[in-house]
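One structure is given below, encoded as structure tokens.
The values are calculated or read from the model by the stated rules, or taken from the named source; none is laboratory data. The structure presented is a predicted model; accordingly, all values stated were derived computationally and were not measured. Glycine also receives a Cβ, built like all others from the backbone with ideal geometry; neighbour counts cover every protein chain displayed. Protein only, heavy atoms only, side chains kept; ligands, DNA and RNA dropped before computing areas. Shrake-Rupley method; radii C 1.70, N 1.55, O 1.52, S 1.80 Å.
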Amino acid sequence: MDALGICFTVCGGMCLATWLLSVVTKEYSWIDRIWSVVPVVYVAVFAGAAGFADARLDLMLALVFLWGARLTFNFARRGGYAPGGEDYRWAVLRERMKPWQFQVFNLGFITVYQNLLLLLITLPALTALDHRSPFGTLDTVAGAVFLALLAGETIADQQQWTFQRGKHAELAAGRQPRERFVRTGLFRYSRHPNFFFEQAQWWVVFLFGAIAAGSVLQWTVLGAVLLTLLFIGSTRFTESISESRYPEYADYRRTTSAIIPWPPRHGTPLPG
């Protein structure tokens, strides 16, 4: 079996496992629990098919491993791997759908679509495997950009973590926090800076494949495109929940870029 065949087999197994676990446990975030792990496996398969002797593929594997390690750490400290660590948005969605509708959504979107997406975003490594060419300056630049984006996402997640811990400490002490959602630091320039850095890293992964092939006209761009569309939909759904909970979120939306970091617009003054 070739590398792509191995990855498709793993993907099929992950679809079956995450679906069965969701049915048995009644928790629907099993895809989130493998999100930071399976892409590393896929890229390792492609790098392994080159005998771990291709500099570009080895760099892609190292970068995706760092991405996965960071995301796994952040997900774990937020309790994502603990029982009951389901994404809060699924509970909201279940209230809006009939039980059978949600089960169809679970199988089709949460399980199959997102597992396929995790494979698709790594397929630029297949392009790099099929078009093995000398490692060059553009690869070095792409690697540096990826690391910068990784650092940005790390900072954004840390700022959000610090804010949430402070907020929960205030609530536990019986006090109302001064701010109910984070809008300082990187969140002053983007409502979702972590979303921006996450997507941008996978566009850089696509660029590695394009560099190898000598052209950006590669079908493996589909993964990065679909990931971006997923984040667009996720952002709209998340923000609809935030605005229903926090009326002041509407002012934040009017003054702050949704995804791409940008100086805040004139309007309600933002703290910090």
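General observations
- Here Phe52, Phe75, Phe46 are screened, and the one residue that is closer than 22 Å to Leu207 by Cβ, assigned to a helix (DSSP H, G or I) and among the hydrophobic types (A, V, I, L, M, F, W, C) is Phe46.
- Applying the set (1) more than 28 Å from Ser240 (Cβ to Cβ); (2) not in a helix (DSSP H, G or I) to Ser190 leaves exactly one unmet item: (1).
- Verdict on Gly79 being in contact with a Ser or Thr (Cβ under 7 Å, 6 or more places away or on another chain) and not β-branched (Val, Ile, Thr): no
- Residue in the stretch 12-36 that is nearest to Ile121 (Cα to Cα), counting only those that are surrounded by 14 or more Cβ atoms within 10 Å (Cβ to Cβ) and among the polar types (S, T, N, Q): Ser36
- Pairs where the first residue, in the stretch 130-147, is touching a residue at least 40 places away in the same chain (Cβ under 8 Å) and the second is small (Gly, Ala, Ser) and not in a helix (DSSP H, G or I), C-beta under 7 Å, 6+ apart: Arg132/Ala50
- Residues that are crowded, with 19+ Cβ neighbours inside 10 Å and either touching a residue at least 40 places away in the same chain (Cβ under 8 Å) or among the aliphatic types (A, V, I, L, M) (or both), drawn from the stretch 200-217: Ala200, Gln201, Trp202, Val204, Val205, Phe206, Leu207, Phe208, Gly209, Ala210, Ile211, Ala212
- Residue match in the stretch 159-170 (condition: under 19 Å from Phe73 (Cα atoms), among the aromatic types (Phe, Trp, Tyr) and either in a loop (DSSP other than H, G, I, E, B) or free of Cβ contacts under 8 Å to residues at least 60 places away in the same chain (or both)): yes
- When each of Thr256, Thr220 is tested for being of a type in the set (Ser, Thr, Tyr), farther than 20 Å from Gly68 by Cβ and open to solvent by less than 20 Å² (accessible area, probe 1.4 Å), the lone residue that passes is Thr256.
Okay, residues lined up against (1) acidic (Asp, Glu); (2) over 28 Å from Ile6 (Cα atoms); (3) open to solvent by 60 Å² or more (accessible area, probe 1.4 Å):
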{"position": "Arg78", "(1), (2), (3)": "no, yes, yes"}
{"position": "Met97", "(1), (2), (3)": "no, yes, no"}
{"position": "Leu117", "(1), (2), (3)": "no, no, no"}
{"position": "Thr122", "(1), (2), (3)": "no, no, no"}
{"position": "Ala148", "(1), (2), (3)": "no, yes, yes"}
{"position": "Ala172", "(1), (2), (3)": "no, yes, yes"}
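- Residues in the stretch 174-191 that are polar (S, T, N, Q) and open to solvent by less than 40 Å² (accessible area, probe 1.4 Å): Ser190 only.
- Residue within the stretch 228-238 that is part of a loop (DSSP other than H, G, I, E, B) and open to solvent by 30 Å² or more (accessible area, probe 1.4 Å) present: no
- Residue match in the stretch 147-156 (condition: within 30 Å of Leu57 (Cα to Cα), touching a Lys or Arg at 6+ places or on another chain (Cβ under 9 Å) and part of a loop (DSSP other than H, G, I, E, B)): no
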